[in-house]
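Accompanying notes for the structure given below.
The values are calculated or read from the model by the stated rules, or taken from the named source; none is laboratory data. Since the structure is predicted, the reported quantities are computational estimates derived from the model, not experimental observations. Neighbour counts run over all protein chains shown; Cβ positions are idealised from the backbone, glycine included.
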Amino acid sequence: MPARVRFTYLLDAFARRLCLTLLPWVFLSCDILPRKGDTLGEQQQAQWLIAARLVVDTDPNLTLVRLRAAPLDSAHGGHHVLLARFEFNPSEGSGDEYALNIALDLGNVRALVIGTPYPLGPAPAGIPAYGTVTCLCRPLKPDSMVGSLLLLHRGVGQLYGRIDATLFFTAWDDSSRHVSYRLRQRIDGMR
């Protein structure tokens, strides 16, 4: 067998092995497709602010809660803040649509370890997290948000991970009425 033909066979075998070993890893490592048990929300907002302070404004007169990030110098205690909005439409009919607005105070995102689940909750133990719901229902005020955040990628202009959380709400006019919403899916943040 001539050397040229032998070299071509080696290149073909190398290319075949490369495709058979690397391509499945590329597709399995990307978190593009939903996983079993994921909620079917569509993320509409993905804002990642690198030097900000999370502000939760409550207006009981208008039964309104606003989540926003106030710009702040990182030298003066500014944190990384992630604001996200997920819209849900559970059925074909109208009237059952709702949107969940999520605000996460990630602190120093460079200190978070990729692949480690972090609890959502009060600051000393976990990542401070807040959520609001927009729906055609009685006005609801947020109570708490429990769950975890798993950071999968942290780049220069984008981060993404998975959020597995339950958001608890109480009706503004009836403190005995409680509602919870589940959020379990991929979450993105863009600068």
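Only a single item in (1) within 23 Å of GLY155 (Cβ to Cβ); (2) assigned to a strand (DSSP E or B); (3) at pLDDT below 90 is not met by PHE86, and it is number (3). Filtering VAL179, VAL156, VAL133 for residues that are among the aliphatic types (A, V, I, L, M), out of contact with any strand residue (DSSP E or B) (no Cβ under 9 Å at 6 or more places or on another chain) and assigned by TED's automatic domain parsing to the domain that holds ILE102 leaves a single hit, VAL156. Which one is modelled with the lowest pLDDT, of the residues in the range 23-69 that are within 19 Å of PRO142 (Cα to Cα) and among the hydroxyl-bearing types (Ser, Thr, Tyr)? That would be THR63.
Against the condition surrounded by fewer than 10 Cβ atoms within 10 Å (Cβ to Cβ), out of contact with any His (no Cβ under 9 Å at 6 or more places or on another chain) and of a type outside the set (Gly, Ala, Ser), how does VAL113 come out, does it pass? In short, yes. For the range 136-191, a tally of residues being polar (S, T, N, Q), more than 15 Å from PHE86 (Cα to Cα) and surrounded by 15 or more Cβ atoms within 10 Å (Cβ to Cβ) returns 3.
Within the range 132-156, count every residue that is assigned to a strand (DSSP E or B) and without any contact (Cβ under 8 Å) to a residue 60 or more places away in the chain.
Quick first cut of the range 132-156, residues assigned to a strand (DSSP E or B) only: 132-135, 140-154.
The next check asks that each one be without any contact (Cβ under 8 Å) to a residue 60 or more places away in the chain; those that pass are 133-135, 140, 143-151, 153-154.
Total meeting the criteria: 15.
Is it fair to say LEU72 is over 21 Å from ARG186 (Cβ atoms), modelled with pLDDT under 80, of a type in the set (A, V, I, L, M) and surrounded by 14 or more Cβ atoms within 10 Å (Cβ to Cβ)? Against the criterion (over 21 Å from ARG186 (Cβ atoms), modelled with pLDDT under 80, of a type in the set (A, V, I, L, M) and surrounded by 14 or more Cβ atoms within 10 Å (Cβ to Cβ)), LEU72 qualifies. Cβ-Cβ distances below 6 Å connect the following pairs, each with a first residue in the range 43-72 that is assigned to a strand (DSSP E or B), a second residue that is among the aromatic types (Phe, Trp, Tyr) and surrounded by 11 or more Cβ atoms within 10 Å (Cβ to Cβ), and a separation of six or more residues or different chains: GLN43/PHE86; VAL56/TYR130; LEU67/TYR130.
Taking GLU92 as the residue in question, decide whether it is modelled with pLDDT of 85 or more and over 19 Å from LEU151 (Cα atoms). No, not satisfied. Set side by side, the residues ARG68, ARG138, ARG53 differ, and just one is assigned by TED's automatic domain parsing to the domain that holds SER175, under 17 Å from the mean Cα position of the chain (by Cα) and among the basic types (Lys, Arg), which is ARG68.
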